[in-house]
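Notes follow once the structure below has been shown.
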Amino acid sequence: MRSNGNTSVTEFLFSGFPQFENGSFLFFIPLFFIYTFIVIGNLIVFFAVRMDTHLHNPMYNFISIFSFLEIWYTTATIPKMLSNLISKQRTISMIGCLLQMYFFHSLGNSEGILLTTMAIDRYIAICNPLRYPTIMTPRLCAQLSAGSCIFGFLVLLPEIAWISTLPFCGPNQIHQIFCDFEPVLRLACTDTSMILVEDVVHAMAIIFSVLVIAISYIRIITVILKIPSGEGRQKAFSTCAAHLGVFLMFYGSVSLMYLRFSAAFPPILDTAIALMFAVLAPFFNPIIYSLRNKDMKMAIKKLLCSQKILSTTAS
């Protein structure tokens with residue numbers, strides 16, 4: 001609802017799908033397929049790690065937690081996108097919008113922190129292999145995993161609480177395909193200079209994480225290149241390739257979205273960038289982790305074979 005006078009906006013209208021007015025069902029099918037693949041693919045990775053005792057180590061534990069977060073990260077936005085594609089009203093309530101922003105960005109923050117933790121874990125494993133078992137203990141691994149999630153969810157509470165107090169009494173069209181900070185703040189009937197502060201805070205967090213991960217991998221690559229045997233170098237590179245690929249996709253798309261400050265992109269490019277980090281990056285993550293790792297492929301085969309045997313026995 002839109003307002004006149006002192007009436008507040010109670011719902012927002014998404015206008016990030018201008019090209020979907022006709023034949024939107026054609027976009028619904030591939031998006032539904034991608035979402036189904038993300039959920040099933042990440043569930044397979046999660047359970048493959050949990051059920052294979054050979055993968056009970058810090059590296060695979062972090063991968064399983066990341067896969068679990070990916071399921072909820074995409075669930076925060078994609079189901080609403082799907083309903084918008086087949087609905088004439090493409091609206092979301094004020095509370096629904098705040099919750100979507102909170103869970104999407106909290107889960108994204110948790111993933112970012114976890115990726116940083118994974119880079120540090122690989123740094124210790126390759127650069128200090130003798131000390132690795134004593135440093136990365138199961139207890140520390142559990143603390144880092146839990147800390148990534150807890151901090152990711154707590155850090156956004158003040159921001160969401162502040163946005164919930166802002167008056168919205170004018171236009172209610174969000175020029176995006178899901179609720180995000182910048183397009184929502186632009187609709188507030190108050191001074192929007194805080195948008196710049198928001199951009200700076202987000203940019204600092206992204207740049208800090210990217211620097212930590214980049215420094216870790218530069219050091220890792222330097223150490224790997226010094227390994228005398230070709231087989232040893234290949235093995236070390238293979239353990240890091242998947243992490244590096246996920247890092248580049250995640251932070252590459254996030255940087256395009258949140259490191260542009262006041263720069264305005266054409267609506268279609270804005271939508272494409274949003275789809276890249278909200279849909280496409282999560283789509284490729286289970287593929288990277290399953291296809292680039294022999295141990296993971298064996299664990300997934302074992303999991304699928306055991307499920308097949310159980311279903312055959314039950315029937």
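The values are calculated or read from the model by the stated rules, or taken from the named source; none is laboratory data. This is a predicted model, so every value here is computed, not measured. In this analysis, Cβ positions are derived from the backbone assuming ideal geometry, glycine residues included, and neighbour counts consider all displayed protein chains. For the accessible areas, the whole protein counts, side chains as well, though only heavy atoms, and no ligand, DNA or RNA atoms are used. Shrake-Rupley method; radii C 1.70, N 1.55, O 1.52, S 1.80 Å.
Tell me, which residue of region 249-284 that is of a type in the set (Val, Ile, Thr) and open to solvent by less than 20 Å² (accessible area, probe 1.4 Å) is nearest to Ile300 (Cα to Cα)? Ranking the candidates gives Val279 first.
For region 6-30, filtering for residues that are modelled with pLDDT of 70 or more and exposed (fewer than 14 other Cβ atoms within 10 Å of the Cβ) leaves 5. Comparison of Ile126, Ile177 shows that the only residue that is modelled with pLDDT under 90, in contact with a Cys (Cβ under 8 Å, 6 or more places away or on another chain) and at negative phi is Ile126. Could you count how many residues in region 98-108 are among the aromatic types (Phe, Trp, Tyr) and surrounded by 19 or more Cβ atoms within 10 Å (Cβ to Cβ)? Matching residues across region 98-108 total 2.
Residue count for region 207-240 satisfying the condition of being under 28 Å from the mean Cα position of the chain (by Cα) and open to solvent by 30 Å² or more (accessible area, probe 1.4 Å): 14. Taking Thr117, is it of a type in the set (Ser, Thr, Tyr) and in contact (Cβ under 8 Å) with a residue 40 or more places away in the chain? Yes. Filtering region 180-188 for residues that are open to solvent by less than 20 Å² (accessible area, probe 1.4 Å), more than 21 Å from Ala281 (Cβ to Cβ) and among the aromatic types (Phe, Trp, Tyr) leaves an empty set. From Ile95, Ile78, Ile86, which residue is open to solvent by 30 Å² or more (accessible area, probe 1.4 Å) and at pLDDT 90 or above? Within the list Ile95, Ile78, Ile86, the selection yields Ile95.
Of the residues making up region 285-295, those that are part of a helix (DSSP H, G or I) and either open to solvent by 90 Å² or more (accessible area, probe 1.4 Å) or at pLDDT below 80 (or both) are Tyr289, Ser290, Leu291, Lys294, Asp295. Please go through region 121-144 and give me each residue that is among the hydrophobic types (A, V, I, L, M, F, W, C) and either within 17 Å of Ile213 (Cα to Cα) or open to solvent by less than 70 Å² (accessible area, probe 1.4 Å) (or both), ordered by number. Across region 121-144, the qualifying residues are Ile124, Ala125, Ile126, Cys127, Ile135, Met136, Leu140, Cys141, Ala142, Leu144. Among residues that are among the aliphatic types (A, V, I, L, M) and closer than 26 Å to Leu187 by Cα, Met94 is included.
Taken over region 130-174, residues that are in a helix (DSSP H, G or I), of a type in the set (S, T, N, Q) and over 22 Å from Cys189 (Cα atoms) amount to 4.
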